[in-house]
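Read through the structure below, which is laid out as structure tokens, and then see the notes.
The values are calculated or read from the model by the stated rules, or taken from the named source; none is laboratory data. All values derive from a computational prediction rather than experimental measurement. Counting neighbours? That spans all protein chains shown, and the Cβs are built from the backbone with ideal geometry, glycine included. Quick note on the areas: whole protein, heavy atoms, side chains included, nothing else; ligands and nucleic acids left out. Shrake-Rupley method; radii C 1.70, N 1.55, O 1.52, S 1.80 Å.
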Amino acid sequence: MFVLQESWPGGAVLDFIEYLSFWFMALQCLESGQISEKNSFDAGSVEEIDSLNPSFCISSSLSKSNKAGNLPKKNNSRFSTAVFAARKAVIASDCRGTGDYLPNGCRSIIDLPPALVSEILHCLDPKDLGVVCCVSTLLQNLASDHHRWKEFYCERWGLPLATAASPGSGLPGEKTWKDLFVERERRSKSFMGRFSIDTLRGHTEAVRAVCLLQSAKLVFTGGYDSVIRIWDMVEGLALAASQPLGCTIRAIAVDAELLVAGGTDAFIQCWKVIEGNPHLFNIAGSTMNQKFELRLWGHHGPITCLGLDSARIYSGSWDMTVRVWDRINFKCIRTLSHGDWVWDLVPRGSTLASSAGRDVYIWDPSNGKLMDAIQNAHVGNTCALARSYLGDLLFTGGENGDINMFELANSNDDSEIKPCATWKPHENSVQSLAFEFPWLVSCSSDGRLALIDVRKLLKSAHSLGSKYSRVNQSSSINLEPPQRMLHGSGNGWFSVAIGADRIICGGEEGTLRLWDFSQALEIEERVHALRRIRLEHRMRRRRVQIEMNSKSGPTDQIPGALKKSQKNVNRNASWHVKRRDQKSRGFGN
């Protein structure tokens, strides 16, 4: 039984595909009885055939894997005869040539069992799977419709936000999962393009919390003025504002069904979604409607962070606890104790990450078990956290301006945390982090935002049942500079959110700053189109000039050369005349 190694690069997997093809064809030839075991060939003959068609040679990386015992060794005459016959037949009738088939009709990987082909394609990363699509029409059909594209998409960004889907496919509209993946990857490049800036005014004091709901294109904010505000992300308009809650709003969390806010008075204000409401939540009511609005008590200090998942509400406080609440009956079901003030928390999947003081903790919220911890993650407090969609990547921002990246390898009952990279984009404390693959954005009290593409820190290593990427451990020793710095008004920023080709940040001035990158790709395409037009015009003028010169003939070009020569002669003659005049006047030597 062949073993697909998780550590193989994409090139070795492609070589392994060729190996499987030859092995399968050899077995087919032997089973057909058309090759006698008496016909044996030495190693030189096989090498000679390989030299005739090197595209079917096994790469050195595959050979190393074979030496390591990953592939079975076959040195008997039966194996040599079969492989030689298969290769000879393939060379005699090239698979990309006339289309002559081997016995039993097998000639390439297409003839392998469909289940085996699917498993082989499952081992590839997006780049290699895209290369396979370009090999042939049949492989293009197999690779383009492969279920691996859905996994690639969902592992990075979750399910698409669009609600309209074709029956039974789970896809918005008529697009395939490959189309969605390619389009989303293309959109991720927009954050390196041009942008427009909009300033949203409405708060009377500093903005401490910013939260983005991409599915509804709404932004929720709160701050020192104790008011929750809802904004239209596309138009930049204020849609609704709550009554003053009587305390500073330090944290907001929202999804399609629930909006929660917490502040310095230690309570959690909750709003349930109202069907038919264009803003989803009725936060502007003068009186509290018990059916759609309620308040949770339990903490004994200011609430600094909030989080939501499908079943629970998470709240962290300066009372050194994280409380887990049931979303159905809104009761506290568990309390997670810490040794210092809780600064931030992020739930992902079956785990919860929280920061308290300098340390970072990984919890199992279902039973309250502490799975792992990072001691002294930063010099000073660990103020901000962010995680990838699957939760396998953890980012921490510290009071010293550093950002750390960790990989979380979850097992059945435990987790393993591996440090990966550290960089210092800020001079002051990192106040907030937000992540949307592949961009991590950070804001600081130094008044700047930093963007970094984490793909440079990731090394693709796909395998059966594995996650979409592995971290390149060699990058842990390198300091990665941010790919882009965005400068604000000069005052400090407290909270940042990223999504839908936009970055929203709130800070000390009491305003929101919105960077819109949605037109970046279109602008770049127009710039390239104008460059192509200018190049075509330049080439057209050059061709016209060449045609005119060829029609005019060499006789018309002689006067130009004579004219240039005459200018040189006149210049030299005038110099001699001036020199002679000087001598005649007695100024010469």
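A few points about this structure:
- H487 exposes around 110 Å² of accessible area when a 1.4 Å probe is run over every protein chain in place.
- Spacing of the two label points (7 Å from each Cα toward its C-beta) at C332 and E174, in nm: 5.6
- Of the GluC sites (Glu not before Pro) in segment 174-228, those whose Cβ has at most 16 other Cβ within 10 Å and which sit in DSSP loop: E174, E205
- Greater than 25 Å apart at Cα, pairs in K369/K456; K150/K369; K369/K424; K150/K189: K369/K456; K150/K369; K369/K424
- At full extension, N367 and A409 could sit 13.2 nm farther apart than now, given 0.36 nm per residue minus the alpha carbon distance.
- Linear extension gain, L116 paired with R201, 0.36 nm per residue minus alpha-carbon span: 24.7 nm
- Label point distance in nm, E536-R455, each placed 7 Å from Cα along Cα→Cβ: 2.9
- Sorted peptide list for 333-342, 208-217, 523-532, criterion being average Cβ within 10 angstrom, highest first: 208-217, 333-342, 523-532
- Förster-model FRET efficiency, 56 Å R0, D265 and R187, C-beta, rounded to 0.05: 0.85
- Using the Cβ-Cβ distance between S552 and V527 with R0 = 51 Å, the FRET efficiency computed as 1/(1 + (r/R0)^6) comes to roughly 0.85.
- Flagged links, alpha-carbon separation over 18 Å, of K272/K331; K127/K178; K175/K217: K175/K217
- Segment 133-285: C-alpha pair distances exceeding 19 Å, %: 64
- Solvent-accessible area per residue for segment 216-315 (1.4 angstrom probe, square angstrom): 41
- P(r) histogram, all alpha-carbon pairs of segment 205-290 included - 5 Å bins from 0, percent: 3, 15, 28, 29, 18, 7, 1
- Estimated inter-spin distance, Q243 and A256, nm [label 7 Å along Cα→Cβ]: 3.1
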